[in-house]
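Structure first, commentary second.
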């Protein structure tokens with residue numbers, strides 16, 4: 001298994017709620033997006049636009065929490081008003097970030113979304129790598145993203161509150177300056193993965 005083209009976006013430590021500006025998209029598109037989705041769109045663009053990776057390459061999106069803040073607001077609205085707006089609901093589902101990235105970039109390879117239990121990055125990585133390891137895909141694009149945890153959830157947070165997104169190409173063959181991953185020593189956290197493979 002080889003890893004290449006790692007692209008990362010994270011907000012500054014003094015403003016964990018900051019998001020990529022996405023100035024290359026239409027205002028009507030980007031203004032509706034959460035931090036999670038904006039980060040996902042940004043790293044996907046950085047990967048595809050900064051390389052010759054085929055836009056038909058399959059994507060696997062991994063997140064520990066998904067659209068946490070938007071889901072809370074949708075549930076809050078449902079409790080208070082006994083109804084929700086379809087647009088708000090559609091952007092709160094777990095696959096919203098991956099879907100918006102494919103729309104923004106015209107990606108056609110399809111995507112899967114993985115929620116690894118217990119915030120176990122190794123399980124998420126293996127799920128993403130499975131098509132390559134099984135020989136059904138030569139390459140897949142792994143995208144990981146988690147947004148800033150809202151204040152009302154922080155007492156339940158296990159581990160650091162570290163909003164972060166990255167995209168990387170996982171391949172069965174060495175391409176360019178790809179680094180080989182030892183499957184017996186898969187990074188345990190997203191940050192460990194970045195530290196190991198970001199050049």
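Residues checked against (1) over 13 Å from residue 143 (Cβ atoms); (2) modelled with pLDDT of 65 or more:
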| position | (1), (2) |
| --- | --- |
| 61 | no, yes |
| 73 | yes, yes |
| 89 | yes, no |
| 95 | no, yes |
| 102 | no, yes |
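So which residues in the range 24-48 are in contact with a helix residue (DSSP H, G or I) (Cβ under 8 Å, 6 or more places away or on another chain) and either under 17 Å from residue 4 (Cα atoms) or surrounded by fewer than 21 Cβ atoms within 10 Å (Cβ to Cβ) (or both)? Result: 24, 25, 29, 30, 32, 44, 45, 48.
Residue pairs whose Cβ atoms lie under 7 Å apart, sitting 6 or more positions apart in sequence or on different chains, and linking a residue in the range 163-191 that is under 21 Å from residue 119 (Cα atoms) to a partner that is crowded, with 20+ Cβ neighbours inside 10 Å and modelled with pLDDT under 90, are 163/147; 163/148. Taking the criterion of being surrounded by fewer than 19 Cβ atoms within 10 Å (Cβ to Cβ), touching a helix residue (DSSP H, G or I) at 6+ places or on another chain (Cβ under 9 Å) and closer than 18 Å to residue 6 by Cα, the residues of the range 112-144 that qualify are 126, 138. Of the residues 178, 167, only one is in contact with a strand residue (DSSP E or B) (Cβ under 6 Å, 6 or more places away or on another chain), closer than 21 Å to residue 34 by Cβ and modelled with pLDDT of 90 or more; which? After applying the criteria, what remains is 167. Residue check: residue 28 meets all listed conditions (1) closer than 21 Å to residue 175 by Cβ; (2) outside any loop (DSSP other than H, G, I, E, B); (3) without any contact (Cβ under 8 Å) to a residue 12 or more places away in the chain but one, namely (1).
The values are calculated or read from the model by the stated rules, or taken from the named source; none is laboratory data. Please read all numbers here as calculations on a predicted model, not as lab measurements. Quick reminder, even Gly has a Cβ in these numbers, built from the backbone with ideal geometry, and neighbours come from all protein chains shown.
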